[in-house]
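Just below is one structure, and these are the notes that go with it.
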Amino acid sequence: MQKIILIAVKTGSKKEGYEMLEDGSLKISIKEHPVENKANEAIVRKVAEIYAKPKNKIKIKSGLKSKNKIITIDD
C-alpha cells in the first residue's frame with residue numbers, strides 16, 4: 001500500500017523544520033538550495049525521518065523542479 005503526501009517546500013531556510021497541515025499535507029523548510037538535486041535529497045531524508053521509514057521507500061512522484069511536490073511512501 002502506498003501513502004501519497006502533498007508537500008510545499010521552502011528551500012534555503014535558516015532553520016529546518018516541518019508543519020503538518022490540516023488537510024494532511026506537509027510544509028517543509030530545508031537549508032539546501034535547489035542545486036544538483038540537493039534539495040530533493042534533503043526532502044526525501046526529512047520525510048523518511050518524519051514518517052520513520054527508510055529513504056528507499058520514499059519517492060518524489062512529481063514536482064522534481066517545483067516547490068510543490070507529490071511524494072509516495074511504500075509500506
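What follows is calculated from the coordinates using simple rules that are stated; it is not laboratory data. Remember, predicted model here, so these are calculated numbers, not experimental data. Backbone-built Cβ (ideal geometry, glycine too); neighbour counts: all protein chains shown.
Residue by residue through segment 38-43, what is 3J(HN,Hα) from phi via Karplus (6.51 cos²θ - 1.76 cosθ + 1.60, θ = phi - 60°)? Round to whole Hz and write x for glycine and proline.
5, 5, 5, 5, 5, 5
Could you give the dipole magnitude of the chain about its Cα centre, charging the beta-carbon of Lys and Arg +1 and that of Asp and Glu -1, in debye to the nearest 20?
Rounded to the nearest 20 debye, it is 220 debye.
Just want the answer: with Cβ charges of +1 for Lys and Arg and -1 for Asp and Glu, which residue in I4, A42, M20 is farthest toward the dipole's positive end in the chain?
Farthest towards the positive end: A42.
Near A8, within a Cβ-to-Cβ distance under 10 Å, what is the net charge of the other residues, with Lys and Arg +1 and Asp and Glu -1?
Net of charged neighbours comes to +3.
Just to be sure I follow: if Rg is taken over the C-alpha atoms of the chain and Rh is the Kirkwood radius over the same atoms, what is Rg/Rh?
Value, to two decimals: 0.92.
Lysines within cross-link reach of K31: Cα-Cα under 24 Å, excluding same-chain residues under 8 positions apart?
Those lysines meeting the cut-off are K10, K14, K15, K46, K53, K55, K57, K59, K61, K65, K67, K69.
Report the gain in length on full extension from E41 to Q2: 0.36 nm times residue separation, minus Cα-Cα distance, nm rounded to one decimal.
Between E41 and Q2, full extension yields an extra 12.1 nm.
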